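What follows draws every value from the coordinates through simple rules; no lab data is involved. For clarity, every value in this text was computed on a predicted model and none was experimentally measured. A quick note on method: Cβ atoms are made from the backbone with ideal geometry, for glycine too, and the neighbour counts reach across all protein chains shown.
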């Protein structure tokens, strides 16, 4: 009988003990007390909570997309966990708050955040496109790219869970928008988000 190959963690950088601890306490989280006045968004959530999920589903130096930035909690968690981040926000008021919070966080992290790219995009509520120059997606995989947990044959050896595009589609459609994807092998992929306009007063 051939010897078993050693386990190789392709999903994240967690050690086995931390991996098991996170899985056993999936919905248990005790965030630190919030500073006074920090709740400036109706859907605000603890940065420490999203950081746990980012560290579980991605590896350091990978890029996280947040299609609804709010006041920047996800992008703050990206910097703290050593990930790049791209965030989209339609509301100018929340965009301004997020810019200030991210600037403060980058200053607080110092050298840890020097090489991290965190980009905020002010969406115009008409068309938001995120593109790459990667290997593209095989034609046979395109019909299923928005299915939960689906991963094409070529991507199964790479880190990931097959949830990213499914979550993006669910969030965008919940806000009355739509998502389109174009991809060609050898040329890259473009994901386009179409979203309704946001009122300037935040309603």
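Some points to look at:
- Placing a pseudo-label 7 Å from each Cα along the Cα-to-Cβ vector at residue 44 and residue 190 gives an inter-label distance of 3.8 nm.
- Residue order, fewest to most beta carbons within 10 Å, for 4, 21, 44, 169: 4, 21, 44, 169
- Förster-model FRET efficiency, 30 Å R0, residue 181 and residue 60, C-beta, rounded to 0.05: 0.70
- Shape call, the stretch 75-197: gyration tensor on alpha carbons, a/c limit 1.5: oblate
- Order by protection proxy (mean Cβ within 10 Å, highest first), peptides 83-92, 45-54, 70-79: 70-79, 83-92, 45-54
- If R0 is taken as 35 Å, the Cβ-Cβ distance between residue 21 and residue 133 corresponds to a FRET efficiency of 0.40.
- With the highest mean first, a sort of the peptides 56-66, 133-143 on other beta-carbon atoms found within 10 angstrom per residue produces 56-66, 133-143.
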